[in-house]
Each structure stands twice: as C-alpha cells, then as structure tokens.
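Right, one structure below, let's go through it.
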Amino acid sequence: MPFPTATRSKKTKAVGIPTIDLSESRARTSKSIVEACQHFGFFKVINHGVSDHAIANLERQAFDFFGQTAPEKRRAGPAAPFGYGCKAIGPNGDIGDLEYILLHSDPASIAETSASISNSPLAFSYVVNEYVKSVRELACEILDLVGEGLWLPNKSVFSNLIRDVQSDSVLRINYYPAAVKHTEKSRELSSKSHLSTNNIGFGEHSDPQILTILRSNDVDGLQISLHDGLWTPVCPDPSAFYILIGDAFQAMTNDRFVSVRHRAMANNSKKARMSIMYFGAPPLNAWIAPPSDMMLPKDQSLYKPFTWAQYKKAAYSLRLADSRLHLFKAS
Ligand code: GA4
C-alpha cells in the first residue's frame, strides 16, 4: 500500500513502498513480503508486536548518552569495533554527519560495551538486551514468513541463522544532531573542511547482513534508491519498522531478492534524528548460499559459496558505497 513521501531534492521521486500488516493472515503477508523483497528489497511493517516500552526505554537511554559533552562521549569510543563513534564510519575514511553507538547483539558483548557507554551499565545493558530480543523475534517472524512465501519445506531455514547463539548480529544507534543555523562564513568554512559531508548524514550503501530492522523517530532523512537510480525519501513512522534486505539475503536467494541501497541525508530539522538498526546476521562460519530445496536442477548458482566471515572481511576492506557482491560472483 503506498504511503506519502516528501521531496527533498531534484533527483528524488515519490514512490509507493509496500506496507505489510503483520496482523493479517499468514498466507497473505508471506506473499506480500516475498513480492516486496523481490521488487524493492524494502518494506514497512505495522502491527509488529514490538512493545512501545522496549522502544521508548532504549531511545531514552540513547538520548541521555548523546546529550552528554563531547569529552564524556569520547570515553566510550572509538567504535572499533564496538562503542561510540563520531563522524568516522568504518575503517577506510568514510565520513558522515552523525554520531553513533555500535553494539554486538551477544549479551556478554552488550555488557562489556555498556560499561564504557553508561554510568548505569546494568540499566543500559538491560534495556539493550530487551530491545534486541524483541527485534530479533520480529526478524525471525519475517524470515519464517519468507520461508512460507517461498514454499520452502523448512520454513525456518533463514531464521535459524539469526536465532543461532553464535549469530553475528549487530545493533546500531545513529544520532543526527539538530541542525544549527549557519552564517555565510561558517557555511564556507565547513564546506572547505576535510570533514565536509555535502549534506549527507550517512552515505549510500547496502547492508552486508541478511536483513535490517530499522526504526526512527519522527524526523526525516532516510532515502532509498530504486530501480531507476532515483532517490526516494522515506516518510518517518515511529510506530512502524522498516525492513531492508541485505547483501547476504540477495546471495542466499540467488538474486531473487535485491539488497536495497539507501542513505540518510544530513539533519535539517530543529529536532535531533535518531534511528536504531538491528542488523540480522548469521554466525561467522555459516555458508551464504541458497538452501538446496530453493534451487531447481536447471538453476545455476550465481555466486561461489562463501562464509559470512569472508563476506564481512571483504565489506570492511572496502568503502561504504562500494558494491561487494560481485567479488563473489561465479565465473
Ligand atoms: C553498513 C551496515 C552497518 O551499519 C555496519 C556498517 C559498517 C561500520 O559502520 O563499521 C561498515 C558498513 C556497514 C559496510 C562497509 C564497511 C563496514 C562501514 C564500512 C565502510 C555496522 C555494517 O555491518 O556494515
């Protein structure tokens, strides 16, 4: 079902993005999810079952953290691999107009990172664990519906990867500070700075994992790139989640699903933008290949078999905007 979008720049276009109501029948939702994964690699879910409480608690903890002074926050960094980051994204020189916290989804790792993030680490890690549990359930429900929609004999073949205790899933909290009023002089200075981001908050990329569960407050900024290369602004909806197909899912469906390229514009609003992403990933040693019962004898595998660890290593050796799947194409 289409939803309203707002135009931000000349090269954007308003497009209807599917909305999946998880309270509808499984037969109906599974079919619509598969269609959305094939055509957009992106959709919105409503009636998702994640409690407002779990969301509000994490958002409050995160706003408290980002509201501190820069030296206080820096004590929790750098995010290499987990903790607080400011502007620098990944290890290869990418820069964004944001601050963020990166956490592994494993409870022991959450406890360790929380100790550097918060003065009340037990409260912080409790809230993160509750959120991660809820969105992992949502991710698994969506993956089971995909299994049903594809008529796979084992409908849990994808969700099992994320349910695994060794799952390499990650949680990211992005904070885009409220816009400051610029004078002509400060605009000129910041455009010359090596940290200039050309109005981009988080540059274009696809997510390497299986799927991403994204929730933001009511400040806009997210855009997705559709088939014609035009950027489509996504209307923020704090009561919903947006689902993004990642590269690993594209490979596991032999390109039947597409990973969606997306970006966040720098924040123009008087209010800070906060987005929270759960990146559902398999264990490091899991093979990223189509389940055998998804392939017919005549089907050719488009990718060489590779593990999640190999794919992750490739992603971290490249820049944010680089495409990586082609490195694993079968010849
Ligand atoms: C994009 C998706 C997730 O935010 C992330 C990002 C990671 C990082 O910020 O450290 C990466 C990026 C993301 C893909 C390419 C590499 C790795 C920055 C970067 C340049 C946490 C992830 O898993 O991959």
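Laboratory data are not the source of any read-out in this text; all were calculated from the coordinates shown. All figures in this text were calculated on a predicted structure; none of them were measured in a lab. Counting neighbours? That spans all protein chains shown, and the Cβs are built from the backbone with ideal geometry, glycine included.
Of the residues Tyr126, Thr307, Ser159, the one whose Cα sits farthest towards the positive end of the charge dipole of the chain is Thr307 (charges of +1 on Lys and Arg Cβ, -1 on Asp and Glu Cβ, taken about the Cα centre). With the gyration tensor restricted to C-alpha atoms of region 200-255, the semi-axes of the equivalent ellipsoid amount to 21, 15, 10 Å, longest first. Helix screen, the chain: DSSP H segments with Cα axial length of 27 Å or more and mean Kyte-Doolittle hydropathy at least -0.5 are 121-149. For Gly77, nonlocal amide neighbours, meaning residues 5 or more places apart or on other chains whose placed amide H falls under 5 Å from its own, are Tyr84.
Could you tell me the center-to-center distance, by alpha carbons, between region 145-179 and region 271-331 in angstrom? Answer, in whole Å: 13. Scoring 52-62, 143-153 by mean Cβ neighbours within 10 Å over their residues and listing the highest first yields 143-153, 52-62.
In order along region 259-273, phi translates into HN-Hα couplings of 7, 9, 7, 8, 7, 10, 6, 4, 6, 9, 8, 6, 10, 5, 9 Hz, rounded to whole numbers, per the Karplus curve 6.51 cos²θ - 1.76 cosθ + 1.60 with θ = phi - 60° and x for Gly and Pro. For Arg261, the residues whose amide H sits under 5 Å from its own are Ser225, ignoring neighbours fewer than 5 places away on the same chain, with H placed 1.01 Å from N. Derived from the Cα gyration tensor, the three semi-axes of the equivalent ellipsoid of region 71-192 are 35, 20, 12 Å, largest first.
Toward the positive end of the charge dipole of the chain, with +1 on the Cβ of Lys and Arg and -1 on the Cβ of Asp and Glu, the farthest Cα among Gln61, Pro208, Pro107 is that of Pro208.
Charging the Cβ of each Asp and Glu at -1 and of each Lys and Arg at +1, and nothing else, the dipole of the chain about its Cα centre rounds to 920 debye. Evaluated at q = 0.08, 0.11, 0.15 Å⁻¹, a Debye calculation over the C-alpha positions of region 6-328 (equal weights, vacuum) places log10 I(q)/I(0) at -0.36, -0.69, -1.33.
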